[in-house]
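Asks: Below is a structure I'd like to ask you about.
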Amino acid sequence: MDMYVDHASAASVAGAGYAEFCQVAVAPRSAAEEQKQLMAYLPLVKRIVRQLSSQVAGAIDRDDMEQIGLIGLLEALRRYGEPDAQFGGFASLRIRGAILDELRRQDWRPRSVRQESHRLRDGVRELRRRLGREPSEAEIIKGLGVTADAYHEHLLDENAETVASFDELISEMTEMPSASMNPEDQMIARRSLEQALLSLNEREQRVVQMYYEFELSYKEIGLVLDLTDARVCQLNKGALKKMKTFLQAA
């Protein structure tokens with residue numbers, strides 16, 4: 001993934017708040033060098049924030065998400081060492097993980113929302129059992145007696161949990177920065193991910209690649225594939241579950 005320095009955007013995010021942020025996180029290298037690297041990868045933070053913000057329904061301010069993402073980026077830089085061509089993928093997991101960890105810490109879904117999510121999940125499972133196949137979105141909405149908007153919110157909640165769970169698994173697989181992994185470990189981790197991706201059908205592969213590699217939002221992926229946001233969300237959730245099952249078995 002090509003990275004670029006967006007100085008105008010960097011200035012808007014890294015003003016007084018950034019100075020405060022740097023005082024809390026003391027850099028092992030020079031402050032000037034660390035700031036330069038943070039600014040170079042700031043567009044990556046912004047893309048991930050834009051991607052995740054559509055899933056959390058305003059539960060956390062976007063500027064706050066960017067600051068949390070910067071902390072995740074800083075941790076990635078310190079653990080990885082000098083960034084190279086592989087750093088973008090390593091940093092993406094840490095940035096996304098930092099934001100999702102904060103969302104979980106804040107318990108961003110009210111209890112009533114969690115209870116409703118469990119009810120819908122159980123309802124979909126029962127409908128699937130009764131039909132003997134995967135129900136369509138229209139069948140689910142009709143069968144559960146919910147509005148389309150309510151069902152779409154449920155999908156986003158479910159998918160956020162699935163993404164967090166999948167990211168944690170990938171982080172465990174690549175716990176040591178790739179720069180310090182021996183070639184054999186790098187090859188095994190890369191081959192496992194490639195095989196997990198190949199276990200998906202073509203449309204699922206495209207969704208996962210656009211979501212993780214290109215950091216597109218569900219709306220953007222939907223425009224590319226001519227699908228609704230909700231359908232993209234379903235495909236992503238199902239694909240990540242399949243990949244997680246494959247990787248755990250491997």
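Asks: For segment 115-120, take each phi angle, set θ = phi - 60°, evaluate the Karplus expression 6.51 cos²θ - 1.76 cosθ + 1.60, and give the result in whole Hz per residue in order, putting x for glycine and proline.
Replies: Karplus-based 3J(HN,Hα) across segment 115-120 equals 5, 5, 4, 5, 4, 5 Hz.
Asks: Which pairs, out of Lys219/Lys242; Lys46/Lys241; Lys142/Lys242; Lys36/Lys219; Lys36/Lys244, put more than 29 Å between their alpha-carbon atoms?
Replies: On the way: Lys219/Lys242 22 Å; Lys46/Lys241 26 Å; Lys142/Lys242 27 Å; Lys36/Lys219 32 Å; Lys36/Lys244 36 Å.
Pairs exceeding the cut-off: Lys36/Lys219; Lys36/Lys244.
Asks: Moving on to the next point. Write out the GluC sites (Glu not before Pro) in segment 185-217 meeting two conditions: DSSP loop, and at most 16 other Cβ atoms within 10 Å of their Cβ.
Replies: none
Asks: How many nm is it between the label spots at Phe214 and Gln115, if each spot is 7 Å from the Cα in line with the beta carbon?
Replies: If labels sit at Phe214 and Gln115, their model points lie 4.2 nm apart.
Asks: Report the full-extension gain for the segment Ala85 to Asn201: residue separation times 0.36 nm, less the Cα-Cα distance, to one decimal in nm.
Replies: Result for the pair: 38.9 nm of gain on full extension.
Every number in this text was worked out from the coordinates using simple rules, so none of it is lab data. Worth saying up front: this structure is predicted, and the values here are computed from it rather than measured. Note that we place each Cβ from the backbone using ideal geometry, even for glycine, and neighbour counts take in every protein chain shown.
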